[in-house]
Amino acid sequence: MFRQLILGIGNNRLVSHAIQQYGLRLGASRFIAGPDLGDAIHVVRQLNQVGVEATLDSLGESVDRLEKATKARDNYLHMLDVIQKRGVQSHVSLKLTMMGLELSVDEARENVRQIVARANQYGNFVRIDMEDSRFTSATLKLFEDVWGEYPHNVGVVLQAYLYRTIDDLKTLSGMGKNFRIVKGAYMEPVSVAYPSKPDVDDNYVRLVKYSLSHGNYTAVATHDEAIVGQVLRYVKRHHISSDQFEFQMLYGVKQSILQDLANEGYRTRVYVPWGRDWYAYYLRRVAERPANLLFFARNLMRR
Ligand SMILES: Cc1cc2nc3c(=O)[nH]c(=O)nc-3n(C[C@H](O)[C@H](O)[C@H](O)COP(=O)(O)OP(=O)(O)OC[C@H]3O[C@@H](n4cnc5c(N)ncnc54)[C@H](O)[C@@H]3O)c2cc1C
């Protein structure tokens with residue numbers, strides 16, 4: 001309910017203008033490394049120093065012209081070059097609508113293919129984020145196409161709130177594919193997604209267990225401590241090797257838990273977004289937790 005309200009209000013022009021103007025100063029910076037790639041590399045270096053890896057996300061989605069998609073592709077190629085040159089431990093994560101998916105599937109595929117080819121050259125890795133359910137089928141198809149050429153350098157995200165995901169996972173599993181499993185962050189109708197949180201949580205655990213037991217590399221991306229505990233018990237009980245999975249969290253959320261996991265020897269990764277186009281990303285973080293809105297509102301009052 002709260003999520004629907006926030007994501008719905010986010011489409012309002014006046015609200016979006018006000019938040020975009022002041023948001024970074026009023027609290028959005030908690031979730032975003034900064035406006036420039038240099039800010040993000042600085043954060044990655046700090047994470048690496050304490051044994052945590054990263055995945056860099058250049059913020060932005062849904063381009064309305066193919067030239068913008070080409071620019072986004074070049075930005076990702078540059079990001080991979082910089083990661084390599086600076087010697088930091090970081091993958092990249094990207095959104096297909098930023099690569100032009102809504103305008104031309106072929107162009108989007110070619111943009112992603114070039115980015116994954118560059119990652120292959122450096123022994124790096126590209127995660128295709130999952131957006132709203134209008135794009136699920138196209139995203140999985142594009143992932144499979146590129147995976148066929150570069151099986152070690154690309155992975156995709158699966159969302160536990162969608163009814164279809166268990167079937168997608170069964171179809172895609174095998175041959176050591178690489179999945180990040182999340183609960184799901186978009187506004188979805190009850191016709192496609194579980195409306196109740198306990199159902200999403202149960203499905204999340206089911207998907208992680210299925211993925212791990214079918215030989216996929218599994219990125220367990222959640223801040224839910226109870227679920228992290230369940231996954232740890234499962235991998236110990238089933239002797240699943242620690243090089244078959246990792247834990248991921250978002251920059252600015254529950255970093256101490258990820259740090260504890262890293263200290264225990266588990267592979268860990270923080271999703272580090274950067275850039276000026278942070279509005280949609282920030283709204284999804286607010287929608288996940290009412291307290292984030294209160295924090296924002298308090299800062300607004302203090303001005
Ligand atoms: C690395 C990573 C990548 C992701 N990629 C995608 C993607 O590609 N597509 C997609 O749809 N979703 C993505 N998500 C978001 C995900 O779908 C969830 O919306 C988000 O992670 C919140 O769910 P949760 O698993 O943490 O569980 P929840 O049950 O929502 O949260 C558990 C606890 O974590 C804390 N918490 C959770 N969110 C926040 C927050 N925003 N601020 C402060 N505290 C919080 C709270 O204490 C909460 O009680 C990603 C998440 C992560 C961690």
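Taken together, the values in this text are just the output of simple stated rules run on the coordinates, not laboratory data. Small disclaimer: the values here were computed from a predicted structure and weren't measured. Quick reminder, even Gly has a Cβ in these numbers, built from the backbone with ideal geometry, and neighbours come from all protein chains shown.
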Shape verdict for the stretch 147-261, please, from the Cα gyration tensor: rounded (a/c under 1.5), prolate (a/b greater than b/c) or oblate. rounded
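How long are the semi-axes of the ellipsoid equivalent to the chain, from square roots of 5 times the Cα gyration tensor eigenvalues, in whole Å, largest first? Mind showing how you got there, number by number?
Working: eigenvalues 140, 109, 91 Å².
Result for the chain: semi-axes of 26, 23, 21 Å.
Going by C-beta contacts inside 10 Å, put ARG127, ARG86, ARG237 in order with the fewest on the left.
On the way: ARG127 24, ARG86 12, ARG237 8.
By the 10 Å Cβ count, ascending: ARG237, ARG86, ARG127.
Say the cut-off is 28 Å between C-alpha atoms; which of LYS197/LYS254; LYS141/LYS236; LYS71/LYS254 go over it?
The pairs that break the limit, which is 28 Å between Cα atoms, are LYS141/LYS236; LYS71/LYS254.
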For the stretch 88-134, what's the radius of gyration and Dmax over Cα atoms, in angstrom? 11.4, 35
Label model pair HIS42, ARG206: point-to-point distance (7 angstrom along the Cα→beta-carbon line) in nm is 4.6 nm
Sorted by chain and number, the residues with a modelled amide H under 5 Å from that of VAL154, at a separation of 5 or more or across chains, are VAL126
Anyone know which of ILE128, ILE166, ILE240 comes out most mobile in the 10 Å Cα GNM of the chain? ILE240
Using a simple spin-label model with points 7 Å from Cα along the Cα→Cβ vector, what separation in nm is obtained for HIS214 and SER173? 0.4 nm
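Got the relative contact order for the chain handy, in percent, Cα pairs under 8 Å and 6 or more residues apart?
Details: 474 pairs, mean separation 76.3, N = 303.
Relative CO of the chain lands at 25 percent.
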From the Cα centre of the stretch 107-136 to that of the stretch 243-270, the distance in Å is 23 Å
Using DSSP, restrict attention to beta bridges with both residues in the stretch 32-277 and report what percent are antiparallel, rounded to the nearest 5. 5 percent
